Each structure stands twice: as structure tokens, then as C-alpha cells.
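Below is one structure, written out as C-alpha cells; comments come after it.
The values are calculated or read from the model by the stated rules, or taken from the named source; none is laboratory data. Treat the numbers as computed from the prediction; the structure is a model and nothing was measured. For neighbour counting, all protein chains shown are included, and Cβ atoms are generated from backbone atoms with ideal geometry for every residue, glycine included. Areas reflect the complete protein model, heavy atoms only, side chains present, ligands, DNA and RNA absent. Shrake-Rupley method; radii C 1.70, N 1.55, O 1.52, S 1.80 Å.
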Amino acid sequence: RVCTFRLHLRSRAREENPTNMASSIMSAEGADAFIFITAIIGMIFAWFQYKLVARVSLTGGSDTLSNSGLDTSKLIGIYDAIREGADSFLRAEYTICAYFIASFGVVVLLMTSYVEKKFQIDQGGLTAISFVAGGLTSIVSGLIGMKVAVFANARTTVMAAGPNPWTDAFNTAFRAGSVMGFSLCGLSMLVLYVLAHLFAVHFKDWDTIITDEADCSDGCAHKDALHLMEALAGYGLGGSSIALFGRVGGGIYTKAADVGADLAGKVVAGIPEDDPRNPATIADNVGDNVGDVAGMGSDLFGSFGEATCAALVIAAQSHDLVSAGWDTLIFPLYISSVGILVCMATSFVATDFRPVRSEASIEEVLKTQLTLSTVGMTVAMFPVCAMFMPQEFYLGPKSFASACVEGVNTSKCVTMGPMSAFCCIAAGLWGGLIIGFVTEYYTSHSYNPVREVARSTETGAATNIIYGLALGYKSTIIPVGILAGIVFVAFSLMDMFGVALASLGMLGTLSTCLAIDVYGPICDNAGGIAEMAELPEAVREKTDALDAAGNTTAAIGKGFAIGSAALVSLALTAAFVTRTEVLENGVNLLNPTVFSFLLIGSMLPYWFSAMTMKSVGVAAMEMVKEVKRQFDTIPGLLEGTPGHGPPDHARCIKISTDASLREMVPPAILVMTAPIATGMFFGVEAVVGLLAGGMASGVQLAISASNTGGAWDNAKKYVEKGALIIDGVVQRKGSEIHKAAVVGDTVGDPLKDTSGPALNIVMKLMAILALVFADFFISINDGKGLFDLPRH
């Protein structure tokens, strides 16, 4: 006989001996309403921010905030060209992504249906549905970000020419970034939670406790809870898969155009950045939107989906968390819900309560915004943890009472649950903030490391390269140490569930991080438009100052993204090893299978980086040749002779588009086939080695690549602003020292905007693939693979 008790989704009966405060404060219906309402509030707030940006008119008029005395006819033409180029690229890229979703969705359906050595088409079908939903949500997120960034860039230029340029231009760019941040967070959470409810209808026994199976005399959670969360994991897989295409494809596009424009313009032809004579400038500005905005949005959406799914899968394997009820089981989503409300409240600080009034205050306002969001999240999460986390629970199939007997000492036995959960989340929150500020220290020309790199250009480009590489390697020390500390604290308190909560904590301020990230490319585009439209120099000075701060805060965002990717990857690996029971008897590092694939996994980030770096180089060479051809064949173009023929921007856009779509496929195949082939042929222990190696080398390679490129970029800007003085001579654009700085910046472009950021997705995607296909791997010779390797 199966003895059960049901904790219904819509009605609870826990008045006696409640395990947490939620039973007396908030019902399951209230918990549902809280998540749904915060998600919708986030999207409504994004719309509100969009309407504020839309009040800035490009044509002037009585109902506009813009400077109506500015002639914007040329500016509008450039804006339209950027918009059309971005639309055409994303249309082509997302068409490929749609075919991928359809074809790989079939693979997901078939492989995840093979569970426990038999086909369960319902399990595979729901996983495939969540995969498709995740992929489509990722596409929508990237599209929203790109659209609003393009919409806002020319408007930021207009505001920079107005009577109150610092405040108005900053607010326009920051509010546009907020549209991306809040719409992505609200939409992604809403779709995931709707899927969870729909799947709970099918897995109706998710809240059943069984007592008639072996080792379940005191009750074990029904497998429906685990199957429900495993099906939801497809959501993270869909999001991360599209993020890979967005990051790699967009990264190749933007850096092919950027490197090509820099080499052909600054180095070969000796004309200024974003000069209207350069045929590659429109493609360069398009790239800022499709790579730095759409790619970043998809990347961080994937992080949210994967971190949430990892936490839910681990929680679903806990007898105590399942029996505590739906409102406890979906606790990870409360972190993101609270994050939306906190970030929304603090967003008014940067735009209203403490607005930007001068160049010196831009960076300070952005960093204050991020710090206040972190403080607010820390304060808000303490009562939430107290409300929804049980005081004592065991992170396994048994109950706390039976598993955590006297003499048993394991991190799976959690006491002081609310405080432990809060500490894990807080560790992620503050660890992320510190990593971001350390990244800023190594990439901002306000500090000594970048100034050292700038001074190294005195002896040429070679020493500039050497100093920049050294800076990147050194910049990994503190972030990796912080990540190690977060993992140690979180694992000690709540085992791998704590690591998953820490990764969600680091993503708790995602709305603010995205707003700051998108702000940078918008200002960059605004400056490019100002120069191409030949607006007054004072306008370009304003946009350059806004862009310089954006570069610094973008580096902070990259630090967040890399740190959260490492924790998400570890959380997903934890969910995989928990699901496959690889750690039941421990993993022997000297096991030849594990150690061999540890080495292979460590190599994969380098292989991936080599492919993406070379892709940028190949595309940049095509771009340089095309720009040179146009300078040679269009009379008067390079000289700027009045009445000369216009540059062929469309041809340069086509080169970047074709190259990115062609070159993004091989790296994607590498990343996606590695864990699947390893699990199929060599078994689950080999997969653990592969994931551990990929994460260990990937996180450090990502940090060093991103920071090296960022340092070279800002060293060049340090020279351009006239801050570098050598032998009493102020170095400026056009000097030999500036040329050496440009070489470093050009080399660093694919490091910081293509290979480095894409490594985030490599770590996460391999781990989520392993988790989604875990049951399939186990079904092949009990997890030993087709080669039937012995498990130790």
C-alpha cells in the first residue's frame, strides 16, 4: 500500500506545526500572486521607461524634450541606416536560430524521452516545450534590447546637444537600458513560472510522499517533483543555446566591423574614429547593438534561467523541501521577484534623486546605483528567507529526522535554514559587487593599472601588448579567490543548493546590471552618430564622456556576468551529479576517466577562443580590404572632396553579416556536441570531469581576456583625452604613442567583446546540456556509456 499525504497547490493544511513562517503569513495563492505580480510590474515599468525615452523627438516640436533648434536631418539618416542594418542582421540570425530550435527541439524530445530504459514521451515532450519556450524568450529578450538601444542612441545624441546635456543625455541612455533590464527579468520569470504551473498539472503527484519503497519507510518525495523540475530545465537550455548564437554571432559581427573600421580608418588612412568617410562606420555602430546589447541580454537571460532551474532540480530531490509545499519549493523565484522590486525602487536614484550634473559624476552615479541595489537586496531578502525556508531540512530523499541522526556530519543536513539561505544569497550578492569593482579597478583609466598600460606605449605597440596581457592575467587573482570563498561558504551551509542560491543572489540585481550594461553601447552609438552627422565638437565631448563611463561600467557588468556564469555552471554541475548519483561513493580525481576528461574540459575554452578569435580576424581582413577598395575606387572619398560619391555602407554591413552567420556555427557545434558525445560514449563520470575542467579554465580565461581588452581600450581613451604626458609633451590623437595604443585596443576588441563574454555561455551551456540529458546518459549501461567504462 502506498501511504500518501498531499499538499495541494491551491490549498494547504499546515496550521499545525508549520515548518516555516509562510504558512501563517502567506498562502500558496499569495506566493503565486507575488511572483506573477512582480513579473508584470517589471514589464509595466519597462514600458513606462520606454515612454519617457520616446518623449525625445528627433524632428523637434512643442511636445518634445529635445533641442528643437538642432538640425537633425543628417542624424536621422544615420539613425535609419543603423536601424535597418541591425534589423537585417537579427532577422538573418534569428531565422537560423528558429531552424535550430525546431531541429534541436526534436533531439531534445527523443533523448529526454528515454528515461529509466524506457520511452516516456510525456517527459520528453514537456522538456522539448520548455526548450522551445526558453529559446523563443531569449530571442524576444535580445530583440527588445536591440530595438530599444537603436531607438535611444540618436535620441541620446540629441539630448547631448540640448540645454541640460549631462542630465538629459544620461537619463535617456540609462532609461533605455532599464527597458531592457526590467522587461527581460519580468518576461523570463513570468514564462518560467507559467510553465511550472502547467507542468504541475501533468505531474500531479509532485507533492506526494511515498512510504512503501526501499529506504522510504519514513517517506520519500515522489519522482514527479523531480521530473517536473527536470522538464523545466529545458527552459534554461533553450535560453543558453540562443545566447551562444547571439554572443558568438553578434560578437563576430561587431568586432569584425570595429577592427576593420579601426585598421582601415585610424591606422591605414589616418582618419578619426567614426569619420563619415569611413565605409565601415555604420557596420561598426550596428555591431554595438547586435553584439553588446542583444548578445548580452540573451547571455544574462540564460544565466537567470539556468541558475533557477539548477536550484529547482536540487530542491526537488529533497524530501523536506517538497513536503514543505509549493511556496517553499519555488523559493529560488522569490529572489528574482524581490530583485525586480528593489531595482525598480533604486532606479530613480540615478535619474531623479541624484542625477548626473557633470562629467565627474557619471561614474559615481552608476556605481552608487549598483551599490544601493545590492544593499536593498540584502535587506529585503532576510524576511523573505525567514518566511519561506524551513528551519531544518535534509537535501536528499530522506527526511531530516531519519537522515541527520547523531554522529552524521554532512552539509546536506541544514539547520537554521532561513539564516543559511540568507548567507548564501548575501555571499553571491556582495561577491558579485566586489568582483565588479575589482574589474573596474583593472579596466578604468582612473586607476594605476590602465595608466601603466598607457605609459607602456612610449616604446611602441609591443610593450603595450605585453603590459596588457600581464594585467589580464593578474586581474584573475581576486575574482577567482572571491568565487572560491563564495563556493566554500555556500557549500558548507547548504551543500550544492547553497551554491545555486548564491548564483541567484549574484543575479539578484540583474535589472540594474542590464540597465548599466546597455547604457554603455547606447552612449557609444550616440558618439558615433554625433561624429558622422558632423555635429559640434561639444556634443561629441559629452557623448565621449558618457561612453567612457559606460566602458567602465560595462567592464563591471562583464565581471558580474563571468562570476555568475561560474557559479551557475557549478550549480548545474551539482544538479547533474546529484541527479546521476555520481558522488554517492565520491569521485576519484585520479580515476583515469575523470582525469582524462578534466584535461579535455580544460582545453575546450582555448579551442573555442581560438575559433572565435580567428573568425574575427578573417572577417576583419575582408572588411579592411573592402574599405581600401572603396577609398581607391570612389573619387574624393578619402580626401573628403566636396561632392564626392557616398561610401557603400551596405557592402560593409553584408560582409559583417555573412561572416558572423558563417563563423558562429562551428564554435556552437563544438560546445554542444562535447558534453553529449562524452556522456553517450564515456559515461557520467567523464561528463563530471569535462564540466569541472571547462569551468576551472573557462572562468579564468574569460576574466583575463575581458580585462585585457578593456584595459587596452581605456588606455587608448586615456591617450586620446590628452591625459598622458611623456617628457613634458601631451600625447594626443595622431601621435606615434596613440598609434601604439590603437594597436592594443584593436587586438583587445575580440578578446573583450567576442571570446571573453562567449566563454560565459560555454561554461553554462555544457553544464545545462549535461543536466537535461542526465537521464539519457544514465540509461546507457547504467551511466557507463556505450564504451561501458567501469564506474568507480
(message) Among the residues that make up region 441-453, is at least one of them among the basic types (K, R) and in a helix (DSSP H, G or I)?
(response) yes
(request) Can you tell me which residue among A149, A160 is surrounded by 24 or more Cβ atoms within 10 Å (Cβ to Cβ), within 29 Å of V132 (Cβ to Cβ) and in contact (Cβ under 8 Å) with a residue 12 or more places away in the chain? (result) A149
(request) Quick one: in region 379-403, of everything that is open to solvent by less than 10 Å² (accessible area, probe 1.4 Å) and in a helix (DSSP H, G or I), which residue is modelled with the lowest pLDDT? (result) F388
(request) Kindly indicate whether any position in region 10-28 is at pLDDT 75 or above, under 33 Å from the mean Cα position of the chain (by Cα) and not in a loop (DSSP other than H, G, I, E, B). (result) no
(request) Considering each residue of region 708-731, count those that are part of a loop (DSSP other than H, G, I, E, B) and under 25 Å from D292 (Cα atoms), and give that number. (result) 1
(message) Take the residues in region 750-792 that are of a type in the set (G, A, S) and part of a helix (DSSP H, G or I); name whichever of them is surrounded by the fewest Cβ atoms within 10 Å (Cβ to Cβ).
(response) S779
(request) Could you tell me which numbered condition V438 fails, if it satisfies all but one of (1) more than 30 Å from N714 (Cβ to Cβ); (2) open to solvent by less than 30 Å² (accessible area, probe 1.4 Å); (3) at pLDDT 90 or above? (result) (1)
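Let's see how each residue does on (1) open to solvent by 10 Å² or more (accessible area, probe 1.4 Å); (2) under 22 Å from V384 (Cα atoms); (3) part of a helix (DSSP H, G or I); (4) touching a Ser or Thr at 6+ places or on another chain (Cβ under 7 Å):
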residue	(1), (2), (3), (4)
G297	no, no, yes, yes
G302	no, no, yes, yes
A311	no, yes, yes, no
P332	no, yes, yes, yes
L341	yes, yes, yes, yes
A345	yes, yes, yes, no
P355	yes, no, no, yes
(request) Can you tell me which residue among I252, I242 is within 30 Å of R629 (Cβ to Cβ), modelled with pLDDT of 80 or more, surrounded by 24 or more Cβ atoms within 10 Å (Cβ to Cβ) and of a type in the set (A, V, I, L, M)? (result) I252
(request) Would you point out the residue of region 193-229, among those that are of a type in the set (D, E, K, R) and modelled with pLDDT under 65, that is least open to solvent (accessible area, probe 1.4 Å)? (result) D218
(request) List the number of the failed condition for T328; all other conditions in (1) within 28 Å of P521 (Cα to Cα); (2) open to solvent by less than 10 Å² (accessible area, probe 1.4 Å) hold. (result) (1)
(request) From L329, L321, grab the single residue that is in contact with a Leu (Cβ under 9 Å, 6 or more places away or on another chain) and within 21 Å of I37 (Cα to Cα). (result) L329
(request) Among the residues of region 683-723, write down those that are among the charged types (D, E, K, R) and crowded, with 24+ Cβ neighbours inside 10 Å. (result) E685, D713, K716
(message) Can you go through T127, T95 and tell me which one is open to solvent by less than 10 Å² (accessible area, probe 1.4 Å) and of a type in the set (S, T, N, Q)?
(response) T127
(request) Please verify whether region 602-611 includes one or more residues that are open to solvent by less than 10 Å² (accessible area, probe 1.4 Å), over 19 Å from L690 (Cα atoms) and either assigned to a helix (DSSP H, G or I) or not small (G, A, S) (or both). (result) no
(message) Show the residue pairs meeting these rules: Cβ distance below 6 Å; 6+ apart or different chains; first residue within region 236-261 and within 26 Å of V772 (Cα to Cα); second residue open to solvent by 10 Å² or more (accessible area, probe 1.4 Å).
(response) L237/V772; I242/I139
(request) Go through region 522-532 and give me each residue that's open to solvent by less than 10 Å² (accessible area, probe 1.4 Å) and either of a type in the set (S, T, N, Q) or out of contact with any Pro (no Cβ under 7 Å at 6 or more places or on another chain) (or both). (result) I522, C523, N525, A526, G527, G528, I529, A530
(message) For region 278-295, which positions are assigned to a loop (DSSP other than H, G, I, E, B) and either open to solvent by 10 Å² or more (accessible area, probe 1.4 Å) or aliphatic (A, V, I, L, M) (or both)?
(response) A280
(request) Please work out if G734 is open to solvent by 20 Å² or more (accessible area, probe 1.4 Å) and outside any helix (DSSP H, G or I). (result) yes
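Let me confirm something: among Y79, Y114, Y99, Y94, which residue is hydroxyl-bearing (S, T, Y) and free of Cβ contacts under 8 Å to residues at least 12 places away in the same chain?
Within the list Y79, Y114, Y99, Y94, the selection yields Y99.
Can you pull out every residue in region 404-421 that is open to solvent by less than 40 Å² (accessible area, probe 1.4 Å) and either more than 15 Å from D495 (Cβ to Cβ) or among the acidic types (D, E) (or both)?
To start, the set of residues in region 404-421 that are open to solvent by less than 40 Å² (accessible area, probe 1.4 Å) comprises 404, 411, 413-414, 417-418, 420-421.
The answer is P418, and nothing else.
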(request) Can you tell me which residue among L599, L637 is surrounded by fewer than 23 Cβ atoms within 10 Å (Cβ to Cβ), in contact with a helix residue (DSSP H, G or I) (Cβ under 7 Å, 6 or more places away or on another chain), under 24 Å from A81 (Cβ atoms) and at pLDDT 80 or above? (result) L637
(request) Can you work out which of the residues in region 477-492 that are of a type outside the set (A, V, I, L, M, F, W, C) and surrounded by fewer than 18 Cβ atoms within 10 Å (Cβ to Cβ) is farthest from I434 (Cα to Cα)? (result) S492
(request) Specify which of the listed residues (I669, I726) is farther than 30 Å from F777 by Cβ and either in contact with a strand residue (DSSP E or B) (Cβ under 9 Å, 6 or more places away or on another chain) or surrounded by fewer than 24 Cβ atoms within 10 Å (Cβ to Cβ) (or both). (result) I726
(request) Starting from residues that are assigned to a helix (DSSP H, G or I) and open to solvent by 60 Å² or more (accessible area, probe 1.4 Å), keep the ones in region 647-663 and report whichever is farthest from N278 (Cα to Cα). (result) R662
(message) Which condition from (1) surrounded by fewer than 23 Cβ atoms within 10 Å (Cβ to Cβ); (2) at pLDDT 90 or above; (3) more than 25 Å from G250 (Cα to Cα) is the one that A740 breaks?
(response) (1)
(request) Would you check which residues across region 500-550 are closer than 29 Å to I482 by Cβ and assigned to a loop (DSSP other than H, G, I, E, B) and list them? (result) L507, G508, T509
